[in-house]
Structure formats: C-alpha cells, structure tokens
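Okay, structure first, notes after.
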Amino acid sequence: MPREREGYREQLSDILEYFDDRRLLSVSDVSRYLGISRQRARKRLNITGDKGVSATELARKLIT
C-alpha cells in the first residue's frame, strides 16, 4: 500500500478548513486559494474541463 507524502494531511486539512469542508472545488476556488489566475491554476495543476478538482487531489498536487 502506498504511503502518503509528508505534509499531505496538513495540506488537506488546510484546504478543507479554507473551503468549509467542501470536497469538490472549481478552478475559480483553486485560483483564489493559491492567489493565481484561473489560467495559471489550470496549467500548473493540469485541471481539464469544467469539473474542477477534488480537495484530496488538490492536496496531493500541491505537495509534489
């Protein structure tokens, strides 16, 4: 079973606290959280389509 990377739980906790425990985040939410443009968020985190990204996936992408 793969191990979690160091800092994953803390990052996920911070994201969930910031978004009041919402699990699915839009590109606009992510860009506001990171303080970058929506286009930059899409490119940096490889978010495609209009679905957005889950909080767990965002935490995973931010610690790599």
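The values are calculated or read from the model by the stated rules, or taken from the named source; none is laboratory data. Model, not experiment: these values are computed from the prediction. FYI the Cβ positions are ideal-geometry reconstructions off the backbone, even for glycines, and counts take in every protein chain you see.
For this structure, a couple of remarks:
- Count - residues of segment 14-46 that are small (Gly, Ala, Ser) and in contact (Cβ under 8 Å) with a residue 24 or more places away in the chain: 1
- Scanning segment 24-39 for residues that are at pLDDT 95 or above and among the basic types (Lys, Arg) returns a single hit, ARG32.
- Flag if ARG60 is under 10 Å from the mean Cα position of the chain (by Cα) and touching a residue at least 40 places away in the same chain (Cβ under 8 Å): yes
- Residues that are surrounded by 13 or more Cβ atoms within 10 Å (Cβ to Cβ), more than 10 Å from LEU58 (Cβ to Cβ) and either of a type in the set (D, E, K, R) or out of contact with any helix residue (DSSP H, G or I) (no Cβ under 6 Å at 6 or more places or on another chain) (or both), drawn from segment 25-39: SER26, ARG32, ILE36, ARG38
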